[in-house]
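A.B. asks: Can you keep this structure in mind? I'll have questions shortly.
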Amino acid sequence: RRIFKIAIGFLGVSSIVLVGLAELAHVPLISIFAPAGSAAHVLARSGFVLYAINFVFAGFNIFCSALFTALGNGRGSAIISFLRTFVFLVSGLLLLPYLAGVTGVWLAVPIAELLTLFFSAAFFLWGRREYRYA
């Protein structure tokens, strides 16, 4: 339980730090891959800020999937992974560009992670009684 609490705390802090770093350092990071002033640079600058929001949700989803794998619950782990990497992401990539244009493409990952978060939280709460980790 002690290690579990440390992991959850680290996850929360690191998620917030990653979003903060992405927001503060996105221009230099993008400049590594696309020259300043290029169309790709302008597009990435506007999109990366939106994409970085996913760091808040992805950590918990990955943690839950790994937790259930470690506890021998392959079904829970597989459902979480399948939802986040296929169902919600592909659905978002197919639907959101029609609703929000290029912005929809950038938002597909954060929205997929957010939707998966609800399922991860449900599995997490269910597993708390089953596995007694919290």
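The values are calculated or read from the model by the stated rules, or taken from the named source; none is laboratory data. From a predicted model like this one, the values you see are computed outputs, not experimental measurements. Glycine gets a Cβ as well: all are built from the backbone with ideal geometry, and neighbour counts include every protein chain shown. Side chains are part of the model used for accessible areas, which takes the heavy atoms of the whole protein and leaves out ligands, DNA and RNA. Shrake-Rupley method; radii C 1.70, N 1.55, O 1.52, S 1.80 Å.
A.B. asks: Considering only region 9-43, how many residues are under 15 Å from the mean Cα position of the chain (by Cα) and hydrophobic (A, V, I, L, M, F, W, C)?
C.D. replies: At the first step, the residues of region 9-43 found to be under 15 Å from the mean Cα position of the chain (by Cα) are 11-20, 22.
This time we only want the ones that are hydrophobic (A, V, I, L, M, F, W, C), so: 11, 13, 16-19, 22.
Summing the residues that are under 15 Å from the mean Cα position of the chain (by Cα) and hydrophobic (A, V, I, L, M, F, W, C) in region 9-43 gives 7.
A.B. asks: Give all pairs with beta carbons closer than 6 Å in which a residue from region 122-134 that is within 16 Å of ALA70 (Cβ to Cβ) and open to solvent by less than 60 Å² (accessible area, probe 1.4 Å) meets a residue that is assigned to a helix (DSSP H, G or I) and at pLDDT below 90; count only pairs at least 6 apart in sequence or on separate chains.
C.D. replies: TYR133/PHE4
A.B. asks: Which of the following residues is closer than 24 Å to TYR133 by Cβ and small (Gly, Ala, Ser): GLY9, GLY92?
C.D. replies: Details: GLY92 fails: closer than 24 Å to TYR133 by Cβ.
The match here is GLY9.
Here is a yes/no grid of residues against (1) open to solvent by less than 70 Å² (accessible area, probe 1.4 Å); (2) touching a Leu at 6+ places or on another chain (Cβ under 7 Å); (3) of a type in the set (A, V, I, L, M); (4) at pLDDT below 95:
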| residue | (1), (2), (3), (4) |
| --- | --- |
| ARG1 | no, no, no, yes |
| ILE6 | no, no, yes, yes |
| SER14 | yes, no, no, no |
| LEU29 | no, no, yes, yes |
| ASN61 | yes, yes, no, no |
| LEU67 | yes, no, yes, yes |
| ALA70 | no, no, yes, yes |
| SER81 | yes, no, no, no |
| LEU89 | yes, no, yes, no |
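A.B. asks: What number of residues within region 91-121 are farther than 30 Å from ARG1 by Cβ and surrounded by fewer than 18 Cβ atoms within 10 Å (Cβ to Cβ)?
C.D. replies: Restricting attention to region 91-121, the residues satisfying the condition of being farther than 30 Å from ARG1 by Cβ are 91-112.
Now restrict to residues that are surrounded by fewer than 18 Cβ atoms within 10 Å (Cβ to Cβ): 91, 93-95, 97-103, 105.
Of the residues in that region, 12 qualify.
A.B. asks: Tell me, which residue of region 45-56 that is open to solvent by 40 Å² or more (accessible area, probe 1.4 Å) and not basic (Lys, Arg) is farthest from the chain's Cα centre (by Cα)? Steps first, answer last, please.
C.D. replies: The initial filter retains those residues of region 45-56 that are open to solvent by 40 Å² or more (accessible area, probe 1.4 Å), namely 45-46, 48-51, 53, 55-56.
So of that shortlist, the ones also not basic (Lys, Arg) come out as 46, 48-51, 53, 55-56.
Numbers: SER46: 18, PHE48: 13, VAL49: 14, LEU50: 12, TYR51: 9, ILE53: 8, PHE55: 5, VAL56: 6 Å.
Only one residue fits best here, namely SER46.
A.B. asks: Let me ask another. Looking only at region 31-41, decide whether some residue is free of Cβ contacts under 8 Å to residues at least 60 places away in the same chain, open to solvent by less than 40 Å² (accessible area, probe 1.4 Å) and within 23 Å of ALA112 (Cβ to Cβ).
C.D. replies: Taking region 31-41 as the starting set, the residues that turn out to be free of Cβ contacts under 8 Å to residues at least 60 places away in the same chain are 31-41.
After this cut, where a residue has to be open to solvent by less than 40 Å² (accessible area, probe 1.4 Å) as well, the list is 34, 38, 41.
Right, trim to within 23 Å of ALA112 (Cβ to Cβ) and you get none.
Within region 31-41, none of the residues are free of Cβ contacts under 8 Å to residues at least 60 places away in the same chain, open to solvent by less than 40 Å² (accessible area, probe 1.4 Å) and within 23 Å of ALA112 (Cβ to Cβ).
A.B. asks: Being among the aromatic types (Phe, Trp, Tyr) and without any contact (Cβ under 8 Å) to a residue 40 or more places away in the chain is true for just one of PHE55, PHE63, PHE86. Which residue is that? First the steps, then the outcome.
C.D. replies: Values: PHE55 fails: without any contact (Cβ under 8 Å) to a residue 40 or more places away in the chain; PHE63 fails: without any contact (Cβ under 8 Å) to a residue 40 or more places away in the chain.
After applying the criteria, what remains is PHE86.
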